[in-house]
Amino acid sequence: MKMIGVIPARFNSSRFKGKPLADISGKPMIWWVHQQVKKVAELSEVYVATDDIRIQTVCEEHGIKTVMTSESHKTHLDRLYEVSTKIDADFYVNVNGDEPLIDSEAICKILPKDDVDPSANYVANLMTVLRNPLEAVDISKIKVVTDVYGYGLYMARSPIPYPKGTYEFNFKKFVGVQCFTKSALEFCYKAKRGPIEEAEDIDEFRFLENGQKIKFIEAEVTTLSVDTPKDLDKVRIIIKNRLECVV
C-alpha cells in the first residue's frame with residue numbers, strides 16, 4: 001500500500017499573499033510544514049504541490065520535492081486531484097501548507113487502517129477540541145459536528161452546535177490534515193459545487209452535498225493555521241520559544 005504526503009501551497013492567497021514563503025525563525029513556513037510531514041515513516045514520498053515558480057524555487061533550495069500544478073484550481077482539493085494524475089499512490093495524505101505547528105504524531109492519526117479499501121471513495125479528516133473559546137466565533141476556524149460513528153454531519157464557520165439544551169459538550173474544529181483515495185479525489189473533482197459549499201466556502205462540502213461520507217478522526221493537536229499576518233506573529237513567537245527551550 002503506497003501512501004504519499006502532499007502539501008498544497010499557492011502564492012496568491014486572498015487573505016495573505018505569499019504566506020508559504022513567510023519567514024519563521026529564518027526558514028519559510030512551507031519548510032516547517034515539510035519538516036513534520038517527512039517524519040512520518042509510512043509516507044513513501046512528500047511533495048509540495050504549487051502553481052508558483054517562486055515557491056518551487058524556494059522548495060528546491062531546501063531540498064523539497066515539488067509538483068507544479070495549474071494556476072486555475074479553485075480549491076486545494078482540485079490541486080490534489082491533479083497530483084493524483086501525475087503520481088500514482090493508494091492514499092494521498094494532505095497537510096495544508098499553513099499548518100507550521102502540526103506535529104508528525106498528529107499526522108500519523110490520519111493514516112488509513114488495514115481495513116480501508118484503497119479503491120473506495122475514502123475521505124478522512126482530523127479534528128480537535130477547540131480550547132480557545134474565541135475560536136468558536138472566529139470564521140476562519142471551521143467547526144465540525146459528527147454522528148456517533150465519527151462521520152461528518154455539518155461544518156460551519158459559526159459556532160455549532162448551539163448550546164440550547166446543555167453546555168456539557170466541546171466544540172471541535174477542522175484540522176488541515178486529510179487522507180484521500182485516488183477515486184475520492186476524482187469524485188470530488190468531477191462533482192458539482194453545491195449551495196452549502198458556496199455559502200460556507202468550505203471545500204469539503206463537495207463530498208457531503210454529493211452523498212459521500214467524511215470520517216473525522218479526533219486527535220490532540222497543537223495547531224494554528226496561518227490565515228492572517230496576526231496568526232503568523234503568534235506562530236513566530238511559539239516556534240521561537242520552542243527553539244530557545246531546545247538550546
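For the residues 243, 134, what sequence is obtained by ranking on other C-beta atoms within 10 Å, fewest first? It would help to have the intermediate numbers written out before the result.
Details: 243 11, 134 8.
Taking fewest neighbouring Cβ atoms as first place, the list is 134, 243.
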For the stretch 182-236, convex hull of alpha carbons as volume per residue, Å³: 130 Å³
Positive-pole candidate from 149, 91, 167, dipole of the stretch 47-198, charges at beta carbon: 167
Extreme residue, positive dipole direction of the stretch 3-246, given options 177, 118, 136 (C-beta unit charges): 136
Difference of contour (0.36 nm per residue) and Cα-Cα distance, residue 61 to residue 190: 42.9 nm
Extent along principal axes [Cα atoms of the stretch 3-246; Å; largest to smallest]: 53, 41, 34
Cα-centred dipole magnitude for the chain, charges only on beta-carbon of K, R (+1) and D, E (-1), debye, nearest 20: 400 debye
In Å, descending, principal axis extents of the Cα set of the stretch 1-96: 36, 30, 20
Computed E for residue 13/residue 162 - FRET, C-beta separation, R0 30 angstrom, nearest 0.05: 0.45
Relative contact order (percent, whole number), the stretch 3-246, Cα cutoff 8 Å, 6+ residue spacing: 23 percent
Most mobile listed residue (152, 165, 211) in the chain, GNM with C-alpha springs under 10 Å: 165
Cross-link pairs 86/234; 39/86; 74/240; 86/172; 164/240 - those with Cα-Cα distance over 31 Å: 86/234; 74/240; 86/172; 164/240
Dipole-positive endmost among 34, 225, 195 within the chain (Cβ charges, Cα centre): 225
Exposure proxy ranking, count of Cβ atoms within 10 Å, fewest first, for 84, 183: 183, 84
Segment residue 243-residue 170, extension gain: residue separation times 0.36 nm, minus the distance between their alpha carbons: 23.1 nm
Fluctuation leader among 83, 123, 137 - the chain, Gaussian network, Cα springs under 10 angstrom: 137
Longest DSSP-loop-exposure-free segment, chymotrypsin sites (Phe, Trp or Tyr not before Pro), the chain, at most 13 other Cβ within 10 Å: 1-148
Most mobile of 118, 100, 163 in a GNM of the chain (Cα contacts under 10 Å): 163
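Distance check, please: which entries in 113/182; 27/192; 17/213; 2/109 exceed 28 angstrom between their Cα atoms?
From the list (113/182; 27/192; 17/213; 2/109), the Cα-Cα distance tops 28 Å for 27/192; 17/213.
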Average projected area [Cα convex hull, the stretch 47-145], square nanometres: 8.6 nm²
Electrostatic dipole magnitude of the stretch 1-109 [Cβ: Lys, Arg +1; Asp, Glu -1; Cα centre; debye, to 20]: 220 debye
Low-density loop cleavage sites - GluC sites (Glu not before Pro) in the stretch 190-247, where at most 16 other Cβ are within 10 Å (DSSP): 209, 220
Convex hull volume of the stretch 112-235 per residue (C-alpha atoms, cubic angstrom): 133 Å³
Antiparallel content of DSSP bridges confined to the chain, in %, to 5: 55 percent
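Every read-out reported here was derived from the displayed coordinates using simple, explicitly stated rules and does not represent laboratory data. Just so it is clear, the model here is predicted, and its values are computed rather than measured. Positions of Cβ are backbone-derived with ideal geometry, glycine not excepted, and every protein chain shown enters the neighbour counts.
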